[in-house]
Amino acid sequence: MAPFVYAMRYLLDKDHVIFVEEPEAHLHLDAQVIVTRALASLSRHCYVVITTHSITVIDEISNLLKLRNIPNDAKKRLGYEEWEGLSPENIGMFLFSEGNVQELEIYEDGIEENDLDKVIIEIANLHAKVEEGYEYTKKMHT
């Protein structure tokens, strides 16, 4: 987190873009939430572009969208800061699948459930393909 904090304070402004590939890599789910919140905070100072395969990261972005519309005392009770929250017009989310790109719908009350399901299905399909390949290889060697 130290590089993000340093960049936020001293290096970045609205003309800068920071790219972060797989910010969730090697992190516990709780840490993924913290990193997502930090990147959302960073987006107040510059453009932030991330790639992710983490439902936890996507879900936290959805939470941050909802937070924008709840009172500050409720945010505090949930463990968030008063300034935390994202606006749908500041977010673009895209699903890349088998050579196709689809823009997901972003609303004030979060990411459309159908679009989240598409991401979950995409990840589940990858798991199923690996499982199928594993079982096939296992049969061939027995």
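Tabulated data for the structure shown
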read-out: Residue in region 126-136 that is least open to solvent (accessible area, probe 1.4 Å), counting only those that are closer than 25 Å to residue 62 by Cβ and among the hydrophobic types (A, V, I, L, M, F, W, C); value: 128
read-out: Of the criteria (1) surrounded by fewer than 16 Cβ atoms within 10 Å (Cβ to Cβ); (2) within 23 Å of residue 28 (Cβ to Cβ); (3) not hydrophobic (A, V, I, L, M, F, W, C), which one residue 139 fails; value: (2)
read-out: Region 93-125, residues that are closer than 13 Å to residue 65 by Cβ and open to solvent by less than 80 Å² (accessible area, probe 1.4 Å); value: 93, 104, 106, 110, 111, 112, 115, 116
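Residue-wise test of (1) at pLDDT below 85; (2) not aliphatic (A, V, I, L, M).
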residue	(1), (2)
47	no, yes
63	no, yes
94	no, yes
112	yes, yes
127	yes, yes
140	yes, no
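The values are calculated or read from the model by the stated rules, or taken from the named source; none is laboratory data. Quick caveat, the model's predicted, so the values are computed rather than measured. Ideal geometry is used to build each Cβ from the backbone, glycine not excepted, and the neighbour counts take in all protein chains shown. In case anyone asks, the SASA skips ligands and DNA or RNA and just uses the protein heavy atoms, side chains included. Shrake-Rupley method; radii C 1.70, N 1.55, O 1.52, S 1.80 Å.
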